[in-house]
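Below is one structure, written out as structure tokens; comments come after it.
FYI, it's all coordinate maths here, none of it is from the lab. A quick note: this is a predicted structure, and the numbers were derived from the prediction, not measured. Glycine also receives a Cβ, built like all others from the backbone with ideal geometry; neighbour counts cover every protein chain displayed.
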Amino acid sequence: MITIEQLKDIKNRTEALKRYLDIDSKLIQVEEEQLRTQAPGFWDDAKKAEAQMKKVKGLQAWIDGYKEVKSFAEELELSLEFFKDELVTEEEVDEAYAKALEAVENLELKNMLRQEADQMDCVLKINSGAGGTESQDWASMLMRMYMRWAESNGYKLAIANIQDGDEAGIKTVTMELQGPYAYGYLKGENGVHRLVRVSPYNAQGKRMTSFASVFVTPLVDDSIEVVIEPACISWDSFRSGGAGGQNVNKVESGVRLRYQYKDPYTGVEEEILIENTETRDQPKNKENAMRQLRSILYNKEMQHRMEEQSKVEAGKKKIEWGSQIRSYVFDDRRVKDHRTNHQTSDVNGVMDGKIDGFIKAYLMEFAGEEE
């Protein structure tokens, strides 16, 4: 039977979530964003319309998540009152508490996934370590584990590339998982996974240790939206110099574009200066200058993404002793994460994709460090 203190804890965490998520502001914002979808010609630009609908859906998801938590908290409080009047059993109160606690923890966890990449789909790659057939079989078992996790959580999964092992298992596989916060939930799986078991491939029935590495990256769309702020643009015109005849020298066909650029990631400001004298047609030169500006801004975004990718690459670990993040010891019925010390004896459940406990433990301990 739960205590009054446990009820207070649920109510306090529910109220805290309302503040952290700024639900009152989100309710106003979602109404404003929905009004934009009713504007005439909204679907004329399909790409822009889809982005707007995604924005509305994202806001609504936070609101619905909070409403669910609040509803479970109210039901728990009500069930305690009913218990006093002997209208419900102790088991029913405990069941209401379990539902409320799970809902609170899930929303708290989602609230920790604040990085832009957390919301993205992801690419998950598994490589078998040294050890031949045994390691290749272990890699295939991990592949199945993540496939089952994706299936049970409603994620769409596609195998982009797979290389079979020499006798059994796989040497490598690359999978794409599509769904809300796929990267955010799975990013903690990056690292080396260690298996200890009596190998079915060893004639002497010896206990073997195998390794496989898991590498998770956000799946970024190749098309980059280049945003140019008109208010940041100023133009000058000038006479083109050099050879080219009288018209080139006398008519101000050359253009100089100044763009006041502010890096959205670092806040650093700079002026981008572009001059264009390609033709004697000033409008055409302006068009060429704008094309160059788009290319510069595109390149800046690409450089940022490459830097972010390099940070992720730097987090990869060599497949060797001492670098593993998690051990799966079949004989001792134990799976343990060495970063959080979270462990379970439900080895079969874990290999069937029940890894939410490990995911939650990692995010609760390390997600805040990424801010």
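Structure values in brief
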read-out	value
Y298, Y155, Y183 arranged by Cβ crowding within 10 Å, fewest neighbours leading	Y298, Y155, Y183
Sorted by Cβ neighbour density within 10 Å, fewest at the top, the residues V226, V329	V226, V329
Those lysines that a straight Cα-Cα span of less than 22 Å connects to K171, excepting residues fewer than 8 apart in one chain	K125, K187, K316, K317, K318
Residue exposure sequence - W43, W138 - by fewest surrounding Cβ within 10 Å	W43, W138
³J(HN,Hα), Karplus 6.51/-1.76/1.60, whole Hz, each residue of the range 170-186, x for Gly, Pro	9, 8, 7, 8, 10, 10, 10, 10, 10, x, x, 6, 4, 5, x, 6, 9
GNM result for the chain, Cα springs below 10 Å: residue of K171, K55, K156 fluctuating most strongly	K55
Environment charge at F238 (Cβ cut-off 9 Å; Lys +1, Arg +1, Asp -1, Glu -1)	-1
Anisotropy class of the chain from Cα gyration tensor, a/c 1.5 cut	oblate
Expected 222 nm ellipticity per residue - DSSP helices of 4 or more, -39500 (n - 2.57), all of the chain, to 500	-15500 deg cm²/dmol
Partner aspartates and glutamates for K284 [C-alpha distance under 20 Å; skip if fewer than 8 residues away on the same chain]	D236, E252, E275
Estimated FRET transfer efficiency (D85, R19; beta-carbon r; R0 35 Å; 0.05)	0.60
Fully extended contour minus Cα-Cα distance, from W235 to K99, at 0.36 nm per residue	42.8 nm
Modelled FRET efficiency - R0 51 Å, T266 with I162, Cβ distances, 0.05 increments	0.85
Inter-centroid distance (Cα atoms) of the range 56-88 relative to the range 94-135, Å	24 Å
Pairs from K11/K54; K57/K354; K26/K47; K18/K360; K55/K156; K26/K156 whose Cα-Cα separation, in the structure shown, is over 26 Å	K11/K54; K57/K354; K26/K156
Test item: Cα-centred dipole of the range 101-207, Lys/Arg +1 and Asp/Glu -1 on Cβ, debye	320 debye
Choice from P218, P264, P200 showing the highest fluctuation, given a GNM over the chain with Cα pairs closer than 10 Å	P264
